[in-house]
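Reading through the structure tokens given below for one structure.
The values are calculated or read from the model by the stated rules, or taken from the named source; none is laboratory data. Since the structure is predicted, the reported quantities are computational estimates derived from the model, not experimental observations. For neighbour counting, all protein chains shown are included, and Cβ atoms are generated from backbone atoms with ideal geometry for every residue, glycine included.
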Amino acid sequence: MTEPNGSRRSDEEMLEGLLGPSDPELSCEECFAALDRYVELTIAAEAADERVPGMRAHLAGCPACAEDYRSLRDLLAADEVETPR
Ligand SMILES: [Zn+2]
């Protein structure tokens, strides 16, 4: 009844995938709430990690939020560059 090939993720990993990193400095909710600001600061080359502490750590441990971060950053960055004059 055990899985000999070990291809299944352990319960612990599954749980972590659902709930986010085990000791997050931000929850996904907090991360999401601060994401706009964090991305704007990043694009403006401000000290984003100081202004939004814990965000970098959360993104490093949470693929879902990292994905959101990347798409938002790409969106806003493209906006900055392509603003027609
Ligand atoms: Zn998250």
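Table for the structure above
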| read-out | value |
| --- | --- |
| Output for region 35-52, where each listed residue is of a type outside the set (D, E, K, R) and part of a helix (DSSP H, G or I) | Leu35, Tyr38, Val39, Leu41, Thr42, Ile43, Ala48 |
| Any hit, region 21-40, residues being of a type in the set (Val, Ile, Thr) and modelled with pLDDT under 70 | no |
| Flag if Ala47 is modelled with pLDDT of 65 or more and surrounded by 11 or more Cβ atoms within 10 Å (Cβ to Cβ) | no |
